[in-house]
1. Using the structure shown, decide if residue 377 is farther than 30 Å from residue 148 by Cα, modelled with pLDDT of 95 or more and surrounded by fewer than 16 Cβ atoms within 10 Å (Cβ to Cβ).
2. Out of the residues in region 446-483 that are assigned to a loop (DSSP other than H, G, I, E, B) and polar (S, T, N, Q), which is surrounded by the fewest Cβ atoms within 10 Å (Cβ to Cβ)?
3. For residues in region 357-366 being modelled with pLDDT of 95 or more and touching a helix residue (DSSP H, G or I) at 6+ places or on another chain (Cβ under 7 Å), which is surrounded by the fewest Cβ atoms within 10 Å (Cβ to Cβ)?
4. Kindly indicate which of 196, 232 is under 22 Å from the mean Cα position of the chain (by Cα), of a type in the set (S, T, N, Q), modelled with pLDDT of 85 or more and in a helix (DSSP H, G or I).
5. Is it the case that residue 516 is in contact (Cβ under 8 Å) with a residue 60 or more places away in the chain and touching a Cys at 6+ places or on another chain (Cβ under 9 Å)?
6. Quick check: anything in region 337-356 within 26 Å of residue 159 (Cβ to Cβ) and surrounded by 22 or more Cβ atoms within 10 Å (Cβ to Cβ)?
7. Take the residues in region 91-133 that are polar (S, T, N, Q) and in contact with a Pro (Cβ under 7 Å, 6 or more places away or on another chain), then tell me which one is surrounded by the fewest Cβ atoms within 10 Å (Cβ to Cβ).
8. Might you let me know whether region 432-440 holds any residue that is over 24 Å from residue 510 (Cα atoms), free of Cβ contacts under 8 Å to residues at least 60 places away in the same chain and part of a loop (DSSP other than H, G, I, E, B)?
Amino acid sequence: MAQIITGLNLSRPNTLVPLIAFGIYCVYYLASHISSRWRASQFGHRHGCKPPVSYPHIDPVLGLDVFYLSTKALNRGHLMDEFDRHFKTTAGGVYTFSGVLLGDKIIHTIEPENVKAVFATNFKDYSLAPGRMRWFGIFGPGIFANNGHNWEESRALMRPNFVRSQVGDIELLEVHVSHLLEKLLKEDEQGVVDLQPLFHMLTMDWSTAMLLGESVHSLLGNDNTQLAQFCQWFDYVSLQLAIRSRLGKLGALLPSRKFNEGVRAIWEFAESFVDRALAAKAEGSRNGKPAAGSEQYDNKSRYVFLNEIINSGYNKTRIVSELLHILVAGRDTTASLLSVYFYTIVRHPDVFQRLHQEILQEVGATPPSYEQLKDLKYLSWTLKEVHRLYPIIPLNSRISISDTVLPLGGGKDGKSPLFVRKGTRVVHYPYSMHRRKDIYGPDAEEFRPERWNKLRTSWEYLPFSGGPRVCIGQSMAITAASYTIVRVLQTFKNISPGDESVWAEKMIITMSVRDGCHVRLAST
């Protein structure tokens, strides 16, 4: 011992200072930890909180057992069914339980009151989960990655794009849906057609026309190498991000060279439009004239997002970022909804025939107006039912930024309040909540649009989330999907499954059909 003390040479100040500092840090850390635990205990006690039911982990430290099962289910295309099974059987049939995934503590819930607390009532107590911020962060500081003031700013900028005049712009929709129908009529002669990639082309064409003032016209076979590369890179980057988000912290360890190349290609695609718009604005300023419109669209009367955001005063990086965020949402969500919709509807001939009859009786053979779309009751029911069983965003999460409380989930019966420690991730599963038999009846897992004749829901039904961050584009997505459905059913007398596949999901940004939406079309 004497030799050790001698070796430390405690008489030298430069040896003592680090030792003392380290000792103070350890004492401070331990005291802070104890104090934090005590305050949390008192906080939970004041609100009558009880501990939640815990998932019966084999590995309660890292949760590798759940990670393994989830990965297997994801590869089979049944990840959401695996999560649903946790609520119905593994966790004892409760609607809220705690678990661990790759070392992170998580609260899983399908309790409407809890969802309301997270997304609305106690909105200020939560922030976007780091995974989502990393996900959309590759597109820069836009609406889906921002929090606080920056998010409010982004949302205010987006809002004019979704006013009634924009949502009801049927003429713009018809331009691109007619291109889809022309392509489908040609495909009709070939037999089976996969609708899913065509719907992605449609939404890309429509979104770019609406957002940029000019369409990329992918349905017309536009020989644009940059466009083709953008779509390929976008699909690749989206898939890699989905994988990384499910790996949590381990996702950062994946090789990134090709991924980074893809991100650069996506940015360059958006930048090309922004550069042209900035140049047009500069030219207009020099000539004392506004920037000219483009293509066949009357931009003097039509709101063009790119033109407005350029006039906002943001720098180029922010403009490109916001543009990419809304382009991603406009392309993927509506395309996925249409793919899942047709995959489902053609497997229920009675529903298809009733819907076809409603369209012919209420609209006829001419393109519908916005008002006619709103009056198609059975179409609305079928869309709601598809959203119920196959929500395009099947899970959502937030992370608590302060100690807070969920109204339900505590105790063995899940009826007591539940304490949520700062830094805890809360995951909500619309996919499973929409299948609760105590809410939707004993046939909750069956596709039955007629249930919406009398069914009234609030936080039990969240295809577009809720609260301040409710999807700002939901009306536009529903309008675009409804219009496309009507025009397709006006053109084709019958549509039937093109294969014998059973449902399997493809999980990237949104949930779509893993093996595509193959159908047979009959126009006569």
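1. Yes.
2. Among them, the one singled out is 458.
3. Among those that are modelled with pLDDT of 95 or more and touching a helix residue (DSSP H, G or I) at 6+ places or on another chain (Cβ under 7 Å), it is 362.
4. None of the others qualify; the one that does is 196.
5. No, not satisfied.
6. The answer is yes; a qualifying residue exists.
7. So, considering only residues that are polar (S, T, N, Q) and in contact with a Pro (Cβ under 7 Å, 6 or more places away or on another chain), the one surrounded by the fewest Cβ atoms within 10 Å (Cβ to Cβ) is 98.
8. No, every residue in region 432-440 fails to be over 24 Å from residue 510 (Cα atoms), free of Cβ contacts under 8 Å to residues at least 60 places away in the same chain and part of a loop (DSSP other than H, G, I, E, B).
The values are calculated or read from the model by the stated rules, or taken from the named source; none is laboratory data. As the structure is a computational prediction, the values presented were derived from the model and not from experiment. Glycine gets a Cβ as well: all are built from the backbone with ideal geometry, and neighbour counts include every protein chain shown.
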